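Since every read-out is calculated from the coordinates, none of them should be taken as a lab result. All of these numbers come straight from a predicted model, not from anything done at the bench. Cβ placement follows ideal geometry from the backbone for every residue including glycine, while neighbour counts extend to all protein chains displayed.
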Amino acid sequence: MEYIEDKKNPLEKWFEEFEKKRDSIVKRMGLKDPKEIADYFSYSNMKEQEKDFCPLYKKSEKCHNIDENELCCFFCGCPFYDFAKWDEKKKHYGACKIFSKHGFRNNYGYWDCSNCETPHTKKFTITYLKKLNKKKNNRSTPLTGKVS
Ligand code: SF4
Ligand code: SF4
C-alpha cells in the first residue's frame, strides 16, 4: 500500500477544513455576488441557518464586539493569516502577512488574532471578494487567494 506523508501543519489543516466547510455552503446556496455572500455569512443569518458552522452560535456568543448584522463569518480564517508558518526551532506558529498591530504572538508561540477585527466585517468581505473577482477575471486565482 502506498503511503503519502501528510506534511501539512495543524494550522494548514484547520484552514483546509474551514475552506471546505465554507465553500460547500457557497455552492449549496448558489451564492455568487460578493454582497450576497457577505449577507448570507453575517453572524445574524449564519447562527440561524448554519447552526453547526461555529460553536459560538449555539451559545449566542460572538468572537468580536461587532454588531451581529455586520459581523461576517466568511473570512473567519483570515486571508492575511500565514497558515504555512510553522517554525519548531523558534516556536513560532502562524503569522500575519500584513503585520497588523492588532495581532500578537501568544505565550504558546501562536499568532493570535483575537483582538483584530480586520477580516470580520461585511464591508471587508465585499471589498476583498470584489478584488479577488477582478483578479480572477484577469488570470486564474482561487477564491480566497491573497490579494496584493
Ligand atoms: S467569525 Fe467569529 S462568530 Fe463567525 S465563525 Fe468565526 S469565530 Fe465564529
Ligand atoms: S492580525 Fe488581523 S489581519 Fe493579521 S492575520 Fe490576524 S486577523 Fe488577519
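Things to note:
- Database remark: amide H of His92 closer than 5 angstrom to the amide H of Asp87 (H placed geometrically; neighbours at sequence offset of 5 or more, or on other chains; Pro and chain starts carry no H).
- Straight-line reach from Lys90: taking Cα to Cα under 18 Å and skipping same-chain neighbours fewer than 8 places apart, the aspartates and glutamates in range are Asp82, Asp112.
- Percentage relative contact order, region 49-108, counting C-alpha pairs under 8 Å, at least six apart: 18 percent
- For Leu71, the residues 5 or more places off, or on other chains, whose built amide H falls under 5 Å of its own are Tyr43.
- In a DSSP loop and with at most 11 other Cβ atoms within 10 Å, the chymotrypsin sites (Phe, Trp or Tyr not before Pro) in region 11-116 are Phe99, Tyr108.
- Phi angles of region 92-101 translate, via the Karplus equation with coefficients 6.51, -1.76, 1.60 and θ = phi - 60°, into HN-Hα couplings of 10, 10, x, 6, 9, 5, 10, 6, 4, 6 Hz per residue; Gly and Pro are given as x.
- Pairs spanning more than 21 Å between alpha-carbon atoms, out of Lys8/Lys131; Lys27/Lys51; Lys47/Lys135; Lys35/Lys97: Lys8/Lys131; Lys47/Lys135; Lys35/Lys97.
- Relative contact order (%) - criterion: Cα under 8 Å, at least six apart; region: the chain: 21 percent
- Three-way shape call for the chain based on the alpha-carbon gyration tensor, with the a/c threshold at 1.5: rounded
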